[in-house]
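Q: Can you read through this structure? Questions will come right after.
The values are calculated or read from the model by the stated rules, or taken from the named source; none is laboratory data. Because the structure is a prediction, the values reported are computed rather than measured. So basically every Cβ, Gly included, is an ideal-geometry build from the backbone, and we count neighbours across all protein chains shown. Please note that ligands, DNA and RNA were not included when accessible areas were found on the heavy atoms of the full protein model with its side chains. Shrake-Rupley method; radii C 1.70, N 1.55, O 1.52, S 1.80 Å.
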Amino acid sequence: ARLRGAWPALRHGAVGPAAAGAALVACLWLWSGVRVLPDLLGRWTQSDLYPVAALRYLEALQRPGEPPLRVLNYYNWGGFLMLHSPDLKLLIDGRANTLYSDRIYMDYVAMLRARPGFSARVSRYPADVALLPPGGFALKLLRQADPWVMLYSDSQARLLAAPDSRLRGRRLDLETVLRGDPMLHLQRAAAARQREDPAAAVPEIEQALALDPNSTRAWAELFAALSQRRDRAALDEAVARGVAQLPRRREELYTRAAAAYVQLGDLLSALPAARAGIPSGPFRNPVSARRRVREIEQHLERVDRAPGSP
């Protein structure tokens with residue numbers, strides 16, 4: 001009302017539609033850099049944090065008509081598992097104490113951290129399989145007096161069969177089950193890198209990225225393989241491609257790139273990448289990222305002070 005009093009022209013009937021049109025143009029301009037395609041859900045949820053390949057393998061192990069499997073699962077994966085395989089009977093999910101008792105949650109935390117009393121807690125929740133990240137929980141199950149058996153393993157997840165599980169003796173061909181899955185190519189790449197053959201790893205990682213260009217895991221593997229191959233130009237180009245593809249995850253990608261440059265011995269490139277990897281925002285903790293930046297800076301300072309340094 002005050003604006004109309006100051007500028008009588010705003011009372012004209014055409015001003016409202018014109019303002020709405022201007023607002024629409026401004027919104028479209030602000031959204032011009034927002035990537036929607038391909039894979040909108042994967043781009044905005046970081047779907048490569050979830051055990052897609054391991055779940056695919058687990059589902060392939062089941063036979064028609066068998067009762068639902070009881071799963072000792074990772075808390076963060078509960079919703080994903082319920083969405084993609086609703087017949088599974090889970091230990092816990094993200095609804096936490098709105099659905100589960102305090103005892104179940106505290107037992108889960110104790111098992112996750114492999115605390116004393118681990119075996120008693122596991123026996124309290126009979127399960128056919130465990131689907132967990134690599135780490136203490138899965139490792140502890142493999143070291144029980146009556147050990148669980150590894151059915152499937154990748155960089156994301158471990159799938160283990162309980163001592164009395166009907167799945168215990170079943171094995172499937174990975175090439176058949178995971179055909180068309182990015183994780184199959186990442187597993188091949190990891191094997192190539194382990195035998196010091198990054199030249200064979202890079203095409204496999206590129207295949208994984210062709211299947212899922214939103215996989216930060218695949219981009220990080222590409223950076224590491226190119227560093228291992230000592231290919232600085234290709235590493236620069238891959239970092240630029242990754243950030244252009246996933247601008248919302250640029251900080252994570254730059255952090256991974258900094259590690260690759262350090263491995264390559266190029267601290268002058270590692271420093272700006274590490275600085276670009278410092279997270280911002282109210283829900284991010286920049287302490288460890290700033291520590292990495294300072295470590296690189298201190299290393300460069302020592303090099304500058306060294307006798308005979310250029």
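Q: Taking Arg166, is it open to solvent by less than 80 Å² (accessible area, probe 1.4 Å) and in contact (Cβ under 8 Å) with a residue 60 or more places away in the chain? Before you say what the answer is, go through the steps one by one.
A: Working: open to solvent by less than 80 Å² (accessible area, probe 1.4 Å): yes; in contact (Cβ under 8 Å) with a residue 60 or more places away in the chain: yes.
When the stated conditions are applied, Arg166 passes them.
Q: Taking segment 240-259, which residues are open to solvent by less than 30 Å² (accessible area, probe 1.4 Å), at pLDDT 95 or above and either among the basic types (Lys, Arg) or closer than 19 Å to Glu204 by Cβ (or both)?
A: The answer is Gly242, and nothing else.
Q: Now for a separate question. May I ask you to list the residues in segment 125-146 that are over 21 Å from Asn76 (Cα atoms) and surrounded by fewer than 14 Cβ atoms within 10 Å (Cβ to Cβ)? Break it down into steps so the answer makes sense when it comes.
A: Here is the first cut: in segment 125-146, the ones over 21 Å from Asn76 (Cα atoms) are 142-146.
Listed by number, the residues that qualify are Leu142, Arg143, Ala145, Asp146.
Q: While we're looking at this one, here's another question. Taking Leu55 as the residue in question, decide whether it is assigned to a strand (DSSP E or B) and at pLDDT 95 or above. Let's see the steps before the verdict.
A: On the way: assigned to a strand (DSSP E or B): no; at pLDDT 95 or above: yes.
Considered against the rule, which asks whether it is assigned to a strand (DSSP E or B) and at pLDDT 95 or above, Leu55 comes out as no.
Q: Considering every residue within segment 172-180, establish whether at least one is over 25 Å from Pro203 (Cα atoms), out of contact with any Cys (no Cβ under 6 Å at 6 or more places or on another chain) and outside any loop (DSSP other than H, G, I, E, B).
A: no
Q: Still on this structure, I have one more. Is at least one residue of segment 171-193 over 14 Å from the mean Cα position of the chain (by Cα), among the hydroxyl-bearing types (Ser, Thr, Tyr) and open to solvent by 10 Å² or more (accessible area, probe 1.4 Å)? Lay out the reasoning, then the answer.
A: First, pick out the residues of segment 171-193 that are over 14 Å from the mean Cα position of the chain (by Cα): 171-181, 184-185, 187-193.
Narrowing the set further to residues that are among the hydroxyl-bearing types (Ser, Thr, Tyr) leaves 176.
If we keep only those that are open to solvent by 10 Å² or more (accessible area, probe 1.4 Å) as well, we get 176.
There is at least one residue in segment 171-193 that is over 14 Å from the mean Cα position of the chain (by Cα), among the hydroxyl-bearing types (Ser, Thr, Tyr) and open to solvent by 10 Å² or more (accessible area, probe 1.4 Å).
Q: Condition first: open to solvent by 30 Å² or more (accessible area, probe 1.4 Å) and part of a helix (DSSP H, G or I). Now tell me which residues in segment 102-124 satisfy that.
A: Asp102, Arg103, Ile104, Tyr105, Met106, Leu112, Ser119, Ala120, Arg121, Ser123, Arg124
Q: Test of understanding: among Leu235, Leu222, which residue is in contact with an Asp or Glu (Cβ under 8 Å, 6 or more places away or on another chain), part of a helix (DSSP H, G or I), open to solvent by less than 20 Å² (accessible area, probe 1.4 Å) and not basic (Lys, Arg)?
A: Working: Leu235 fails: in contact with an Asp or Glu (Cβ under 8 Å, 6 or more places away or on another chain).
Going through Leu235, Leu222 in turn, the sole match is Leu222.
Q: Examine segment 153-162 for a residue that is over 25 Å from Arg217 (Cα atoms), at pLDDT 95 or above and either open to solvent by 20 Å² or more (accessible area, probe 1.4 Å) or touching a His at 6+ places or on another chain (Cβ under 7 Å) (or both), and state whether such a residue exists.
A: Restricting attention to segment 153-162, the residues satisfying the condition of being over 25 Å from Arg217 (Cα atoms) are 161-162.
Okay, now just the ones that are also at pLDDT 95 or above, so 161-162.
Now drop any that are not either open to solvent by 20 Å² or more (accessible area, probe 1.4 Å) or touching a His at 6+ places or on another chain (Cβ under 7 Å) (or both), which leaves none.
No, segment 153-162 contains no residue that is over 25 Å from Arg217 (Cα atoms), at pLDDT 95 or above and either open to solvent by 20 Å² or more (accessible area, probe 1.4 Å) or touching a His at 6+ places or on another chain (Cβ under 7 Å) (or both).
Q: Also: Based on what the data block shows, is Pro213 closer than 15 Å to Ala238 by Cβ, in a loop (DSSP other than H, G, I, E, B) and open to solvent by 20 Å² or more (accessible area, probe 1.4 Å)?
A: Numbers: closer than 15 Å to Ala238 by Cβ: yes; in a loop (DSSP other than H, G, I, E, B): yes; open to solvent by 20 Å² or more (accessible area, probe 1.4 Å): yes.
Yes.
Q: Additional query: Yes or no: segment 281-298 includes at least one residue that is basic (Lys, Arg) and either open to solvent by less than 50 Å² (accessible area, probe 1.4 Å) or assigned to a loop (DSSP other than H, G, I, E, B) (or both).
A: Looking only at segment 281-298, we keep the residues that are basic (Lys, Arg), and these are 284, 290-292, 294.
Add one more test, that the residue is either open to solvent by less than 50 Å² (accessible area, probe 1.4 Å) or assigned to a loop (DSSP other than H, G, I, E, B) (or both), and what stays is 284.
Within segment 281-298 (the criterion being basic (Lys, Arg) and either open to solvent by less than 50 Å² (accessible area, probe 1.4 Å) or assigned to a loop (DSSP other than H, G, I, E, B) (or both)), the answer is yes, since at least one residue qualifies.
Q: Within segment 175-222, take every residue that is among the hydroxyl-bearing types (Ser, Thr, Tyr) and touching a residue at least 60 places away in the same chain (Cβ under 8 Å) and give me the one that is nearest to Ala260 (Cα to Cα).
A: Step one: filter segment 175-222 for residues among the hydroxyl-bearing types (Ser, Thr, Tyr), giving 176, 215-216.
If we keep only those that are touching a residue at least 60 places away in the same chain (Cβ under 8 Å) too, we end up with 215-216.
Numbers: Ser215: 17, Thr216: 14 Å.
Only one residue tops the list, namely Thr216.
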